[in-house]
Amino acid sequence: MNQQAPTATVAPWYRQPWFWFLTIAPLSAITFSMFMLVVASNMRDTMVTDDYSKEGRGINLEIARDQAAADMGLNADMAFEERSILLNVNTLEGPADFPYLILNLFHPTLSQNDRTIQFRSDGNGHYTGNMLGDINGRWYYELRGPDNHWRLKGEARLPSDSKVHMSPKGSAQG
């Protein structure tokens with residue numbers, strides 16, 4: 001009597017739960033790596049600079065411009081009326097007397113939304129400028145004179161219903 005033990009049929013490899021349990025982590029890591037490679041190759045790296053010494057000299061120049069604004073006692077009030085901006089600028093000696101002023105508005109995350117607005121003098125420290133488009137949200141601003149020897153900088157939510165006060169310390173109240 002020759003009895004053979006019953007043979008169990010083995011399921012194919014792709015139906016084995018241990019195979020999927022052991023391969024899910026490496027497969028997902030490979031998939032995620034390929035996705036990140038595609039994203040990294042399609043994105044521009046605009047924050048990296050190659051010339052650190054040039055950047056350092058630029059920072060020192062900007063600090064000197066801030067100090068020049070403080071030495072002059074510059075302060076300004078900016079008010080919005082639809083797409084017009086009214087600017088009142090004063091110094092230690094009274095109302096400012098510049099032929100024109102330049103306001104740079106920098107979007108915190110999207111550099112393509114940055115704006116430059118030129119103000120013309122209406123006399124007695126009053127300046128007017130016009131925006132081509134609407135601005136909404138948080139912006140970094142930088143007000144410069146025609147000779148670019150001083151600047152007032154800060155951050156504000158624009159447009160503002162009240163006046164935005166600019167001072168050499170970079171504070172904006174509005």
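Rule-based calculations on the coordinates, nothing more; no lab input. From a predicted model like this one, the values you see are computed outputs, not experimental measurements. Cβ atoms come from the backbone with ideal geometry, glycine included; neighbour counts cover every protein chain shown.
Structure summary
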{"quantity": "All positions within segment 50-95 that are small (Gly, Ala, Ser), assigned to a helix (DSSP H, G or I) and closer than 20 Å to Met166 by Cβ", "calculated": "Ala64, Ala68, Ala69, Ala70"}
{"quantity": "Failed condition for Asn148, given (1) assigned to a strand (DSSP E or B); (2) exposed (fewer than 13 other Cβ atoms within 10 Å of the Cβ)", "calculated": "(1)"}
{"quantity": "Among residues of segment 101-126, those that are more than 26 Å from the chain's Cα centre (by Cα) and either part of a loop (DSSP other than H, G, I, E, B) or in contact (Cβ under 8 Å) with a residue 40 or more places away in the chain (or both), counted", "calculated": "3"}
{"quantity": "Of the criteria (1) free of Cβ contacts under 8 Å to residues at least 40 places away in the same chain; (2) over 17 Å from His149 (Cα atoms), which one Thr91 fails", "calculated": "(2)"}
{"quantity": "Number of the exception - Phe98 against (1) in contact with a His (Cβ under 6 Å, 6 or more places away or on another chain); (2) in a loop (DSSP other than H, G, I, E, B)", "calculated": "(1)"}
{"quantity": "Answer residue from segment 57-106, given it is surrounded by fewer than 17 Cβ atoms within 10 Å (Cβ to Cβ) and among the basic types (Lys, Arg) and is nearest to Ala156 (Cα to Cα) among those", "calculated": "Arg83"}
{"quantity": "Tally, over segment 99-119, of residues that are under 15 Å from Arg151 (Cα atoms) and of a type in the set (S, T, N, Q)", "calculated": "3"}
